[in-house]
Amino acid sequence: MNVKAYTLSTCIYCMRFKQFMKAQGQEFEYVDVDLLAGDAREAVRRETESICSGCGYPIIVVGDMVIRGFDEPRLREVLGL
């Protein structure tokens, strides 16, 4: 299952999400939005707004489902863990 996350490098919940995914042996992509600059940052900002307007971080996209924040029980359910 394709998992992509929009994270912040300093966000504790984003760090917990990354640790959880690695500990579970799950493949995933992530973008630390705060480390981007210029056009790349603006493009990702527009992308996240279209996915989940007004959401905090992390924004986790699993297939066509959006999970707001690090919700371990929900992730386990969606990923079949």
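What the table shows:
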read-out: Residues in the stretch 60-81 that a label on GLN19 would reach, taking backbone N under 18 Å of a point 7 Å out along Cα→Cβ; value: 69-76
read-out: Kirkwood Rh and Cα Rg combined as Rg/Rh, the chain; value: 0.95
read-out: With Cα atoms, 0 to 90° folded angle of helix 12-23 axis to the chain main axis; value: 50
read-out: Protection-proxy order for peptides 69-75, 42-48, each taking the mean of Cβ atoms within 10 Å per residue, highest first; value: 69-75, 42-48
read-out: Leading residue at positive end of dipole, the chain (Cβ point charges), from THR10, VAL62, GLY38; value: THR10
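Only the coordinates and a few stated rules stand behind these numbers; no lab work does. Computed from a predicted model, the values in this text were never measured in an experiment. As a convention, Cβ positions derive from the backbone with ideal geometry for all residues, glycine included, and neighbour counts pool all protein chains shown.
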